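The values are calculated or read from the model by the stated rules, or taken from the named source; none is laboratory data. Note that the structure is a prediction, hence the values are computed from the model and not measured. Note that each Cβ is placed from the backbone with ideal geometry, even for glycine, and that neighbours are counted across all protein chains shown.
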Amino acid sequence: MSLLKSCLIIFLIFFITSFLLPIQAFLRIFKKPLSTIIPMIYHRLVLKLLSIKIIVKGNIGEDGSLIVSNHASWIDIFIISSVIKTSFVSKSEVSKWPLVSWLAKLQGTIFINRNNPKELTKIASEIHDRISKKQNVVLFPEGTSSDGNRVLPFKSSIFMLSEITDRSKLNIQPISIAYTKYNGLTMGRIERTLIAWYGDMDLLTHLYKLIRSGSFEVEVTFHNKIDISEKKSRKDIARDCEVIVRDGFLKSLNRGI
């Protein structure tokens, strides 16, 4: 893609962001129902500009679910939010990032300090409150983003939610995100790192390289909600989610071959 076209896309992304941001702020302040729709519209527009096509597999569950997903890039947030109305659980550092923090807060992001285990009970309670109000919450239990070629081990700590709520009313739906196509062709391990965002990568630099790279296709698989009977510990639940997500991830990659 030419330099001029890439710069135009970046301009349009920032224009759309600056246009919708105050509208979303107004809707959030006055608790208008439309505040759950604006993020979906925004993320769909940005993904369109980035030439990222989403293929959805499986059935999207009912509202009021804990959505458990693997994580490879900031793009994952746009992808999930373009498909369902939801908020996210994110590391506390994001709350201090310029612009990104505003976007996150205006979508009701729940920030968690991973270095303070005492906060986990408070965070679990907040998630429980959202779910009880029929709101979806997305959790990335890997705790960080991968290179897009694998699913990292799931951390079980945040699943303490299962210990403070009525399990019969708690829906946990695993989903798998796999980047499968690059410019219409099967994506290899090297190409997949073009869209992955991990380590100490700079966000704007990554965005620019992403735009210059071309088009991508991503497969999102919504799995059946998992069994969380009283006999299962939070480690059991985390392990079950990890197995389902990894299996779905690998199946998506194999379908792309």
Inset, instruction - Could you check, for the range 155-177, whether at least one of its residues is loosely packed, with under 14 Cβ neighbours inside 10 Å, among the basic types (Lys, Arg) and more than 20 Å from the chain's Cα centre (by Cα)? - result: yes
Inset, instruction - Kindly establish whether THR221 is of a type in the set (Ser, Thr, Tyr), closer than 24 Å to THR36 by Cβ and either at pLDDT below 95 or in a helix (DSSP H, G or I) (or both). - result: no
Inset, instruction - Of the numbered conditions (1) under 20 Å from LEU47 (Cβ atoms); (2) touching a residue at least 40 places away in the same chain (Cβ under 8 Å), PHE78 fails exactly one; give the number of that condition. - result: (2)
Legend entry - Complete set of residues in the range 1-31 that are more than 30 Å from GLN135 (Cβ to Cβ), touching a residue at least 60 places away in the same chain (Cβ under 8 Å) and under 26 Å from the mean Cα position of the chain (by Cα): SER6, ILE9, ILE10
Legend entry - Within the range 155-176, considering residues that are more than 16 Å from PRO117 (Cα to Cα), outside any loop (DSSP other than H, G, I, E, B) and touching a helix residue (DSSP H, G or I) at 6+ places or on another chain (Cβ under 6 Å), the one modelled with the lowest pLDDT: SER162
Legend entry - Test set (1) buried (at least 19 other Cβ atoms within 10 Å of the Cβ); (2) at pLDDT 95 or above - ILE112 fails condition number: (2)
Legend entry - Given (1) in contact with a strand residue (DSSP E or B) (Cβ under 8 Å, 6 or more places away or on another chain); (2) surrounded by 14 or more Cβ atoms within 10 Å (Cβ to Cβ); (3) of a type outside the set (Val, Ile, Thr), index of the condition ASP236 fails: (1)
Legend entry - Which numbered condition ILE211 misses (of (1) more than 26 Å from LEU99 (Cβ to Cβ); (2) in contact (Cβ under 8 Å) with a residue 24 or more places away in the chain; (3) part of a helix (DSSP H, G or I)): (1)
Legend entry - Residues located in the range 235-253, provided they are at pLDDT 95 or above and charged (D, E, K, R): ARG239, ASP240, GLU242, ARG246, ASP247, LYS251
Legend entry - Residue ranges of strands (runs of 3 or more DSSP E) in the range 9-100 with at least 1 members of a type in the set (Ser, Thr, Tyr), under 22 Å from PHE159 (Cβ atoms) and in contact with a Gly (Cβ under 7 Å, 6 or more places away or on another chain): 87-91
Legend entry - Members of the range 177-204 found to be assigned to a helix (DSSP H, G or I) and either closer than 27 Å to SER252 by Cα or in contact (Cβ under 8 Å) with a residue 12 or more places away in the chain (or both), listed by number: ARG189, ILE190, GLU191, ARG192, LEU203
